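S.K.: Structure below; questions to follow.
The values are calculated or read from the model by the stated rules, or taken from the named source; none is laboratory data. Because the structure is a prediction, the values reported are computed rather than measured. Methodologically, a virtual Cβ is constructed for each residue, glycine included, from the backbone with ideal geometry; neighbour enumeration extends over all protein chains shown. Side chains included, ligands, DNA and RNA excluded: accessible areas come from the protein's heavy atoms. Shrake-Rupley method; radii C 1.70, N 1.55, O 1.52, S 1.80 Å.
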Amino acid sequence: MATKTWKVTTIQQEPVTSKENISYSVNGEDGDYKFTTTGNVAFTELHTVDDSLTEETAVGWVKEKLDADNAGTVASIEADVEKGVNDQKNS
């Protein structure tokens, strides 16, 4: 089973429109086999982004929004990453 790591790659905020886009990646790794997928989540409100923001908090925003928009999306993404790693192992 692959180890999956979520990471926020960019946070873009538009204060005038109160819109925010967060780009993320999900990396899967099992020994020498690696697979990465990326995505973007749009928010209609701004989060507080300052020096106290942790990766864990930002990833939590992404996961919460993904599942709020379409329940099961986080599990589906992680399953796709697992499949990508397994496809490499079996090729």
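S.K.: Take each of the peptides 50-58, 69-77, 82-90, average the number of other beta-carbon atoms within 10 Å over its residues, and list them starting from the highest.
M.R.: With the highest mean Cβ count within 10 Å placed first, the list reads 82-90, 69-77, 50-58.
S.K.: Still on this structure, please answer the following. Taking the square root of 5 times each eigenvalue of the Cα gyration tensor, what semi-axes in Å does the equivalent ellipsoid of the range 1-84 have, largest first?
M.R.: 26, 14, 10
S.K.: Further question on the same structure: How far is helix 55-69 tilted, in degrees, relative to the longest principal axis of the Cα atoms in the chain, given as a value from 0 to 90 rounded to the nearest 10?
M.R.: Approximately 90 degrees, to the nearest ten.
S.K.: So what is the accessible area of the chain per residue, in Å², with the probe set to 1.4 Å?
M.R.: Per-residue accessible area for the chain comes out at 64 Å².
S.K.: Express the carbon and sulfur contribution to the solvent-accessible surface of the chain as a percent, rounded to the nearest whole number, probe 1.4 angstrom.
M.R.: Here it works out to 46 percent.
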